[in-house]
Amino acid sequence: MIGLIFGPPGSGKGTQAAHVEREFKLSHLSTGDILRAEVARGSDIGKEAERIMRAGDLVPDDLIIRIVQSILRDPNVSSDVLLDGFPRTLEQAKALDEMLAQEGHKVDFVIAFKVPEDVLIERLLHRAEVEGRPDDTREAIRERMHEYRNLTEMVLDHYRKGVKVHEIDGVGEIEEIFERIRKALLPAERGR
Ligand code: B4P
């Protein structure tokens, strides 16, 4: 089973993905976490990604597609996967669809969060105080929102054409939001 967790920055993707991973036994694959780990290691990929992420821009499609492809092709990685933060552009979505089709798979479901922008900004600025993530500055947040509206939102329309998209209200307590996701995913889980 292949699921996508989708939404603007600060909508709760990483937060809820951890719960979905546990409850539905999917392996959580976050491209943001992978890139941050590369930055921490000081690898070539990390060096290329660091400046781009800090500014709130998207890293190049070919780079992120190669990373995801190598993970999905790894025989040690479960075929039940929850992708978090990927795909973020139409080009990435088409590449993912092709990768999966080659193995006879497809995206089975999408969880898409709806959260007003003022709530998103408040959450990210709060995270900046607590965790000090370098892309949680006001300027980078503004750029990330802009990238989301211009490049990422349309990915949802692409999947709406053929995949079950669960639109989830992402405002409220973390447990409460997870309960909305759980209820939405249960029918698909029963058919697994
Ligand atoms: P991500 O790591 O995906 O960053 P994000 O969009 O902020 O999501 P994240 O999962 O961290 O936050 P969440 O919403 O859970 O990407 C970072 C950067 O990597 C991108 O800007 C880009 O440069 C690069 N990148 C990644 N994937 C890429 C791709 N495919 N192509 C190109 N570039 C890519 O949570 C945010 C905060 O809200 C947390 O502090 C959390 O505690 C809080 N929160 C969550 N739910 C809450 C709730 N219900 N109530 C209150 N607070 C809540």
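Before moving on, here are some points about what is shown:
- Residues that are of a type outside the set (A, V, I, L, M, F, W, C) and within 11 Å of the chain's Cα centre (by Cα) were ranked within the stretch 11-21; the one that is farthest from the ligand (Cβ to nearest atom) is GLN16.
- Residue in the stretch 164-175 that is near the ligand (Cβ under 8 Å from one of its atoms) and part of a helix (DSSP H, G or I) present: yes
- Sole residue being out of contact with any Ser or Thr (no Cβ under 7 Å at 6 or more places or on another chain), outside any strand (DSSP E or B) and free of Cβ contacts under 8 Å to residues at least 40 places away in the same chain, chosen from LEU124, LEU35, LEU100: LEU35
- The listed residue being on the phi < 0 side of the Ramachandran plot, crowded, with 20+ Cβ neighbours inside 10 Å, of a type outside the set (Phe, Trp, Tyr) and more than 9 Å from the ligand (Cβ to nearest atom), out of LEU4, LEU35: LEU4
- Against the criterion of being surrounded by 11 or more Cβ atoms within 10 Å (Cβ to Cβ), in contact (Cβ under 8 Å) with a residue 60 or more places away in the chain and closer than 18 Å to GLU21 by Cα, GLU179 does not qualify.
- Count of residues meeting criterion [outside any loop (DSSP other than H, G, I, E, B), loosely packed, with under 15 Cβ neighbours inside 10 Å and out of contact with any Pro (no Cβ under 8 Å at 6 or more places or on another chain)] in the stretch 103-118: 2
- Residue within the stretch 16-28 that is in contact with a strand residue (DSSP E or B) (Cβ under 8 Å, 6 or more places away or on another chain), closer than 16 Å to LEU100 by Cβ and hydroxyl-bearing (Ser, Thr, Tyr) present: yes
- Only listed residue being near the ligand (Cβ under 10 Å from one of its atoms) and within 16 Å of the chain's Cα centre (by Cα), chosen from VAL115, VAL110: VAL115
- Only a single criterion out of (1) in contact (Cβ under 8 Å) with a residue 40 or more places away in the chain; (2) within 27 Å of ARG66 (Cβ to Cβ); (3) out of contact with any Ser or Thr (no Cβ under 9 Å at 6 or more places or on another chain); (4) surrounded by fewer than 17 Cβ atoms within 10 Å (Cβ to Cβ) is not satisfied by GLU167, namely (2).
- Qualifying residue in the stretch 137-145 (condition: loosely packed, with under 12 Cβ neighbours inside 10 Å, modelled with pLDDT under 95 and more than 10 Å from the ligand (Cβ to nearest atom)): no
- Across the stretch 40-56, the qualifying residues are those that are under 13 Å from ARG88 (Cβ atoms) and surrounded by 16 or more Cβ atoms within 10 Å (Cβ to Cβ), and the one among them that is nearest to the ligand (Cβ to nearest atom) is MET53.
- Among all residues of the stretch 59-75, there is at least one that is in a helix (DSSP H, G or I), acidic (Asp, Glu) and within 12 Å of the ligand (Cβ to nearest atom).
- Applying a threshold of 6 Å to beta carbon distances and a minimum spacing of six or more residues, or different chains, the list of pairs starting in the stretch 46-61 at a residue that is within 18 Å of ARG138 (Cβ to Cβ) and ending at one that is of a type in the set (Asp, Glu) reads MET53/ASP135; ARG54/ASP135; GLY56/ASP135; GLY56/GLU143.
The values are calculated or read from the model by the stated rules, or taken from the named source; none is laboratory data. Since we're looking at a predicted model, the values are computed, not measured. Glycine gets a Cβ as well: all are built from the backbone with ideal geometry, and neighbour counts include every protein chain shown.
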